[in-house]
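Here is the structure we will look at.
The values are calculated or read from the model by the stated rules, or taken from the named source; none is laboratory data. Worth saying up front: this structure is predicted, and the values here are computed from it rather than measured. Note: ideal-geometry Cβ built from the backbone for every residue, glycine included; neighbour counts use all protein chains shown. Calculation scope for accessible area: heavy atoms of the full protein, side chains included, ligands and nucleic acids excluded. Shrake-Rupley method; radii C 1.70, N 1.55, O 1.52, S 1.80 Å.
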Amino acid sequence: MATQNERLRAAVIVPCRDGAEALTECLAALVPQLAATNAIALVIDDASRMPLEETAATRVFFADPRVRVVRRTQAGGPGAARNTGFAAARAAGAAIVVLLDSDCVPPPDYVAMHLALHSEMPNAVCVGGAIEGFGEGFWARVDAAMSWFTSIPGAPPREVRYPVHIPTANMSLKLAAIEPFVEGLRYAGEDALFVVRLLRQGKRVVYAARPALRHRDRVGFGPVFCHQFRWGYHTYWIRVGFDMSLVKRAAIAAGILLAA
């Protein structure tokens, strides 16, 4: 933890539930960056069956005073876990929060780059970087193509415009300028809703194309299909104006079937 004479620059929020193996790889890349950037890592344990602090693979990282575990007693999903992280970051005095998924491997300058981007763009509330999927086989490549088309490495920087969003897997935010994630969505899609709400409020969201991190993509038809179904269950309704009525769902579904 930063001393009283140091100004805490950022809190990196890493939600995790029952994913100790991937989290180990993530923290191995993240923790060495914390001291140089006066940052802390907040690992939000979303009611894992075995507490992450008790897992042998991750225990060594939690011995570092800059790494803090916040355990939720009831699983609430990634949106709720990130909200728990926001509260802990505010209590710690952080002005910038960096969102990092536990199945991602950040580059060595990950935290420093996000902080530099906010210094370069003081009026940007939300900044996103590139995501490169890694995994073996055909379905891992499909998962990468379907998941990260808005965050392609090497793509030029751009202003994000509605209805496009950028993923929360590689994102940083000015904590004072944001609202919590919406909780209670049946499936995923909270990331799209979070960004769309920022855009509707007139706040500046930027895809900076840096830093680029690596994401452990899903392998096999079943995991890829289930993820895309869960992510898309809310996402399309979010993009057309938050109308979740059965009439609009049926009309769009019919249009998709006719087009197919």
**Prompt:** Out of all the residues in the stretch 116-175, which are modelled with pLDDT of 90 or more, open to solvent by 30 Å² or more (accessible area, probe 1.4 Å) and assigned to a helix (DSSP H, G or I)?
**Reply:** A116, S119, E120
**Prompt:** Among all residue pairs at least 6 apart or on different chains, which show Cβ distances below 7 Å where the first residue, located in the stretch 56-73, is without any contact (Cβ under 8 Å) to a residue 24 or more places away in the chain and the second is surrounded by 13 or more Cβ atoms within 10 Å (Cβ to Cβ)?
**Reply:** R59/E53; F62/E53; F62/V69
**Prompt:** Has the stretch 44-56 got any residue that is under 19 Å from G93 (Cα atoms) and surrounded by 14 or more Cβ atoms within 10 Å (Cβ to Cβ)?
**Reply:** yes
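Residues checked against (1) in a helix (DSSP H, G or I); (2) in contact with a helix residue (DSSP H, G or I) (Cβ under 6 Å, 6 or more places away or on another chain); (3) open to solvent by 50 Å² or more (accessible area, probe 1.4 Å):
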{"site": "R59", "(1), (2), (3)": "yes, no, yes"}
{"site": "V69", "(1), (2), (3)": "no, yes, no"}
{"site": "Q74", "(1), (2), (3)": "no, no, yes"}
{"site": "P78", "(1), (2), (3)": "yes, no, yes"}
{"site": "R82", "(1), (2), (3)": "yes, no, no"}
{"site": "F86", "(1), (2), (3)": "yes, no, no"}
{"site": "R90", "(1), (2), (3)": "yes, no, yes"}
{"site": "L99", "(1), (2), (3)": "no, no, no"}
{"site": "S102", "(1), (2), (3)": "no, yes, no"}
**Asked** Name the pairs: first residue in the stretch 106-124 and of a type outside the set (S, T, Y), second residue surrounded by fewer than 13 Cβ atoms within 10 Å (Cβ to Cβ), Cβ to Cβ under 8 Å, at least 6 apart or on different chains?
**Response** P108/P32; A112/A36
